[in-house]
Amino acid sequence: MKTGNVHLHYESELTDIEDQGNSVAAIIRNTRAGDTSSFVGSYLVGTDGSKSTARKLAGIQFPGHTWKERLIAMAIIISFTFMSPLKQPIPEEKSLPEVCGSDTIRRCRPEELTRDETLYTFFEEVLSDPRSFDIWIKERSVYRTHQRLATTIRKRYCPLTGDASHSNNPYGAMGVPPGILDVGSLADARLMILLEGKSNYLLTPWSDARRKVFQYFLDPLTTATLLRLKYPTAASAATDDYFFQGRQNPTPDTLVKEGRPFLEVWGTDMRALAQGYDV
Ligand SMILES: Cc1cc2nc3c(=O)[nH]c(=O)nc-3n(C[C@H](O)[C@H](O)[C@H](O)COP(=O)(O)OP(=O)(O)OC[C@H]3O[C@@H](n4cnc5c(N)ncnc54)[C@H](O)[C@@H]3O)c2cc1C
């Protein structure tokens, strides 16, 4: 931002893309005034989430499946934080945690999902003693989650990152980090193209590498996490599932082994990748 080269346009949405040969124009509509403007650049990076307009305009398909479970995300005010704090919890003071749940939801019609009765029943089910908590639900939203991967995440001038390119369920908190790793490796590729004379073709192995990360790491891992939380009863999971058994007696050795793919597989080293291609 300090360079003056970054400009933010609020209340604006991408409505069209024009391929101009060596450049690309993004057609943006101001959602308040309704007028449109055009911005031209070498690339248009689609970072607009799982329903990505950029992906659709680039004609890229998004195969996979949508989970039948619906999630309700809530911001609640509570006397003390017990889950995923949105700010530093202070004993005896009100704080703001994020809570997600899906158990009660299965029995609800869509219009019932975000009603107070539904949500307070959910808290009664998941909290050991809800009477000891004074809960006020501040915000509530219903989400569907997916396991989907774009058929390419680079169409000529339009690379895609984050949920626009791959989407997985959020159990295990593996939604935001892969998008950051997409952007980091894409930035490395762009710097090599701009400063070191590498060809634009470098974005093709980048797309292939990031798609493989989803296919062989993110998709199976996040699918297993959701199924692990959903199916076994608490009693059988503790004895039957190697993952929960491992949590009971972790050793430094097993923790390092389990953590290694997060360090070695999840990211993409563009410099190492470029060595395999004559670009
Ligand atoms: C209930 C829930 C809980 C989650 N919890 C976690 C968690 O704990 N940890 C975690 O890592 N991940 C979590 N996730 C997943 C995480 O939120 C997503 O993976 C992440 O937000 C994806 O980031 P993104 O920038 O790719 O897309 P998004 O966050 O979806 O951002 C896309 C942006 O593009 C904008 N946009 C859309 N269309 C247009 C258009 N045509 N023109 C201009 N702008 C447009 C949207 O308004 C939005 O601001 C959770 C998801 C859900 C649903």
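The values are calculated or read from the model by the stated rules, or taken from the named source; none is laboratory data. What you see is a predicted model, and the numbers here were worked out from it, not measured in a lab. Heads up, the Cβs are rebuilt from the backbone with ideal geometry, glycines too, and the neighbour counts pull from every protein chain shown.
On inspection, Leu14 fails the criterion of being modelled with pLDDT under 95, within 9 Å of the ligand (Cβ to nearest atom), in a strand (DSSP E or B) and not basic (Lys, Arg). Would you confirm whether any residue within region 56-67 is at pLDDT 90 or above, away from the ligand (no atom under 15 Å from the Cβ), over 30 Å from Thr118 (Cα atoms) and out of contact with any strand residue (DSSP E or B) (no Cβ under 8 Å at 6 or more places or on another chain)? Yes - at least one qualifying residue is present in region 56-67. What are the residue pairs meeting all of these: first residue in region 147-170, first residue under 17 Å from Thr222 (Cβ atoms) and part of a helix (DSSP H, G or I), second residue among the β-branched types (Val, Ile, Thr) and more than 8 Å from the ligand (Cβ to nearest atom), Cβ atoms under 8 Å, and 6 or more apart or on different chains? From region 147-170, the pairs are Gly162/Val183.
The helices (runs of 4 or more DSSP H) found wholly in region 199-279 and carrying at least 1 residues that are within 17 Å of the chain's Cα centre (by Cα) and among the hydrophobic types (A, V, I, L, M, F, W, C) occupy 203-213, 219-230, 252-264. If you go through region 186-214 and keep only what is small (Gly, Ala, Ser), touching a helix residue (DSSP H, G or I) at 6+ places or on another chain (Cβ under 8 Å) and surrounded by fewer than 21 Cβ atoms within 10 Å (Cβ to Cβ), you end up with Ser199, Ala209. In this entry, Asp35 is excluded by the filter for residues that are at pLDDT below 95 and more than 27 Å from the chain's Cα centre (by Cα). Being modelled with pLDDT under 90, closer than 26 Å to Gly64 by Cβ and within 16 Å of the ligand (Cβ to nearest atom) holds for only one residue in Ala164, Ala173, Ala150, Ala75, and it is Ala173.
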